[in-house]
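Read through the structure below, which is laid out as structure tokens, and then see the notes.
The values are calculated or read from the model by the stated rules, or taken from the named source; none is laboratory data. What you see is a predicted model, and the numbers here were worked out from it, not measured in a lab. Backbone-built Cβ (ideal geometry, glycine too); neighbour counts: all protein chains shown.
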Amino acid sequence: MVKLLMLILQRQTLMQQPEFRNDIFSTPVWIGGSEDADTRASIEALSYAFKKRQEGEVTGLVSEEWDKQTKTKDENAKAKNGITSFFSENLVFNDDWAEAGQFLLNMAGTMLSDTHDVRGMKLGNMWTTIYPQGGFVPQHIHSCFSVSGVYYVKAEPDCGEIIFKDPSWVAKTMNIWSGNGPFPHGSTSFVVDPKPGMMILFPSWLPHSTKSNKSGEDRIIISFNLDFGEVNKNQLLHSGITETEAEE
Ligand SMILES: [Fe+2]
């Protein structure tokens with residue numbers, strides 16, 4: 001028994017202070033928060049104004065319809081799945097959203113500025129999504145950008161965690177090592193429980209999804225992609241300009 005305890009202790013010491021092992025290729029995820037309830041309330045009002053404006057209009061859906069990129073006028077489908085402005089307009093170019101956009105850009109700049117030069121950083125695009133009870137977003141990435149973000153406008157308890165998934169999860173979990181579990185160790189998911197005013201920034205290539213909203217109230221988010229100038233020449237793709245118009 002004592003020998004077993006010694007072995008366990010020895011093993012724990014080894015796990016905590018590896019002499020030879022280096023864990024490499026980490027992934028940055030920035031998590032911050034704002035206490036500015038007034039701005040949050042004004043962004044909530046803007047989001048609901050979008051919802052109101054879309055009544056009777058074709059609007060993009062989330063939840064099970066997200067992967068199909070369903071856009072519909074069906075108000076029942078909107079109420080069940082939740083709606084997003086992603087397919088309607090780029091809010092960066094909507095004057096009503098200018099102050100909100102500046103607030104989000106400033107917040108993202110503060111969070112990034114200790115390790116990155118954020119001069120010239122802009123919002124490439126921005127959209128709001130309102131998830132009703134049961135609403136969620138399936139796993140996806142933000143193509144063609146470097147850093148993306150989400151700001152939680154309305155996030156009551158149990159509104160659904162966001163789950164980031166290590167894209168090399170297959171390689172990291174396909175082998176079982178010494179009967180101890182997946183090699184090398186630990187989880188290939190990172191879960192964050194949203195709070196009102198929270199902002200999360202992440203590499204745009206990092207797959208993420210959310211659990212369904214069980215808060216009994218809407219979950220409202222603003223999503224955005226940051227534009228660092230020379231690496232994001234594709235911003236017209238999300239500006240509402242069609243391919244034909246953009247070529248003219
Ligand atoms: Fe996303």
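Data for the structure
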| read-out | value |
| --- | --- |
| Residues being assigned to a loop (DSSP other than H, G, I, E, B) and farther than 13 Å from residue 46 by Cβ - total across region 94-123 | 9 |
| Residue that is among the aromatic types (Phe, Trp, Tyr), more than 16 Å from the ligand (Cβ to nearest atom) and under 20 Å from residue 197 (Cα atoms), where the choices are 97, 127 | 97 |
| Residue 143 vs. criteria in contact (Cβ under 8 Å) with a residue 24 or more places away in the chain and under 18 Å from the mean Cα position of the chain (by Cα) | yes |
| Close pairs from region 49-65: first on the phi > 0 side of the Ramachandran plot, partner in a loop (DSSP other than H, G, I, E, B), Cβ under 6 Å, at least 6 apart | 63/82; 63/135; 63/136 |
| Region 78-112, subset in contact with a strand residue (DSSP E or B) (Cβ under 6 Å, 6 or more places away or on another chain) and of a type in the set (Gly, Ala, Ser), residue nearest to residue 150 (Cα to Cα) | 108 |
| Identity of the residue in region 40-93, of a type in the set (S, T, N, Q) and in a loop (DSSP other than H, G, I, E, B), that ends up farthest from residue 123 (Cα to Cα) | 70 |
| Any chance residue 78 is free of Cβ contacts under 8 Å to residues at least 60 places away in the same chain, of a type outside the set (Ser, Thr, Tyr) and farther than 22 Å from residue 160 by Cα | no |
| Test: residue in region 63-71 that is under 19 Å from residue 153 (Cα atoms) and surrounded by 12 or more Cβ atoms within 10 Å (Cβ to Cβ) | yes |
| Per-region count, region 186-239, residues over 26 Å from residue 93 (Cβ atoms) and either of a type outside the set (S, T, N, Q) or at pLDDT below 90 (or both) | 16 |
| Residue within region 94-111 that is at positive phi and in contact (Cβ under 8 Å) with a residue 12 or more places away in the chain present | no |
| Residue within region 154-177 that is within 20 Å of residue 30 (Cβ to Cβ), within 12 Å of the ligand (Cβ to nearest atom) and among the aromatic types (Phe, Trp, Tyr) present | yes |
| Pair list, Cβ under 9 Å, 6 or more apart: region 17-32 residue at pLDDT 90 or above, other residue among the acidic types (Asp, Glu) | 27/166 |
| Residues (of a type in the set (Gly, Ala, Ser) and more than 9 Å from the ligand (Cβ to nearest atom)) located in region 138-148 | 143, 146 |
| Set 109, 56, 124, 160: member being buried (at least 19 other Cβ atoms within 10 Å of the Cβ) and at pLDDT 95 or above | 160 |
| Criterion violated by residue 135 - all others in (1) closer than 27 Å to residue 50 by Cα; (2) away from the ligand (no atom under 12 Å from the Cβ); (3) surrounded by fewer than 18 Cβ atoms within 10 Å (Cβ to Cβ); (4) not hydroxyl-bearing (Ser, Thr, Tyr) satisfied | (3) |
